[in-house]
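Everything below concerns the one structure shown next.
The values are calculated or read from the model by the stated rules, or taken from the named source; none is laboratory data. Since the structure is predicted, the reported quantities are computational estimates derived from the model, not experimental observations. As a convention, Cβ positions derive from the backbone with ideal geometry for all residues, glycine included, and neighbour counts pool all protein chains shown.
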Ligand SMILES: [Zn+2]
């Protein structure tokens with residue numbers, strides 16, 4: 001017994017991550033917070049994956065520290081994307097995708113996690129995947145087995161029978177075989193499915209509150225769950241300390257989700273004034289995912305999507321960006337999400353330019369992916385800023401994102417939880 005334990009301890013010591021050391025980063029400029037201004041040359045000291053200090057100038061590094069020279073660059077907090085699907089790639093055939101094994105999702109997700117990290121995203125929220133796929137990726141990046149961002153994972157989405165998160169477009173006997181077990185009808189069954197997701201390891205509950213563009217369900221983009229079902233989902237999730245993210249396009253579905261206490265509205269495509277007023281009153285976050293429609297736009301009319309999907313896609317593209325403009329006007333808080341997987345992973349930062357085009361300032365756009373996204377996750381004491389005690393999630397760019405946020409489309413260097421991205 002003892003012998004075996006000693007061997008295990010020795011193996012652990014050898015596997016001790018390289019970041020269990022002091023790293024000193026010399027930056028040309030540091031933007032500590034989206035609300036501040038970039039300062040002059042500064043030194044950031046990282047110990048065991050956490051920021052220990054940020055000081056002006058270049059004091060001597062402690063003995064044995066690894067020194068990283070980024071003196072020509074601006075350092076800022078690692079970016080946060082609240083809506084990605086790491087195990088999906090764009091434009092696949094829905095029949096093939098429905099029958100891929102979950103193991104394949106992990107392979108694809110491993111590649112996409114690295115692409116996402118290299119794009120400067122050090123935290124992502126995985127917005128729906130096969131059972132255990134996102135949970136496996138989450139463990140892989142947390143333990144440093146694979147390079148990638150911190151993953152806040154939903155697992156399979158809850159949906160109504162035949163809804164956007166259900167498998168649709170097949171014969172009923174095929175649906176029965178492909179069923180992931182997360183559809184629900186009525187408040188009681190919906191509460192049960194929230195608890196089941198929690199038991200499986202979900203960090204957040206994802207629901208499809210309305211129809212969706214890329215599923216084969218052909219009843220448009222309006223509301224799906226009843227008010228009672230959504231209230232049950234929100235209350236049950238909150239009782240377990242979990243937040244709820246609701247995929248929602250149609251205005252009445254958005255309004256009902258916000259009224260039920262759901263925490264973030266994903267997409268929010270057709271949000272009208274009535275829906276946004278409820279969101280504002282409830283403190284519900286808008287996560288616009290404008291890049292998703294860019295991904296869809298690029299594939300329309302090419303025989304990639306089925307006719308059912310083409311109709312819904314054209315409806316959604318018509319109003320692209322309006323939810324951002326309206327949310328800002330009515331004071332609804334906005335956080336950054338892209339729906340990566342609907343477009344190619346690694347292009348996530350394209351969202352910034354689209355947000356600015358829809359009316360956000362450069363500073364507001366940067367805040368959506370740092371301080372705001374951290375708040376929406378309830379992780380504002382850990383990520384979204386460069387400050388002592390925060391996770392060492394850092395990126396380096398050339399130029400000043402407050403002058404032009406599109407400089408974030410080219411990230412030169414990334415550190416996530418103290419590990420430098422390969
Ligand atoms: Zn999505």
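Figures for the structure shown
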| read-out | value |
| --- | --- |
| Pick from region 211-242, criterion within 21 Å of residue 288 (Cα to Cα) and within 16 Å of the ligand (Cβ to nearest atom), ranking: modelled with the highest pLDDT | 224 |
| Those helices (runs of 4 or more DSSP H) lying entirely in region 287-394 with at least 2 residues more than 23 Å from residue 77 (Cβ to Cβ), away from the ligand (no atom under 16 Å from the Cβ) and free of Cβ contacts under 8 Å to residues at least 60 places away in the same chain | 307-318, 322-330 |
| Failed item, numbered, when residue 192 is tested on (1) touching a residue at least 12 places away in the same chain (Cβ under 8 Å); (2) out of contact with any strand residue (DSSP E or B) (no Cβ under 9 Å at 6 or more places or on another chain) | (1) |
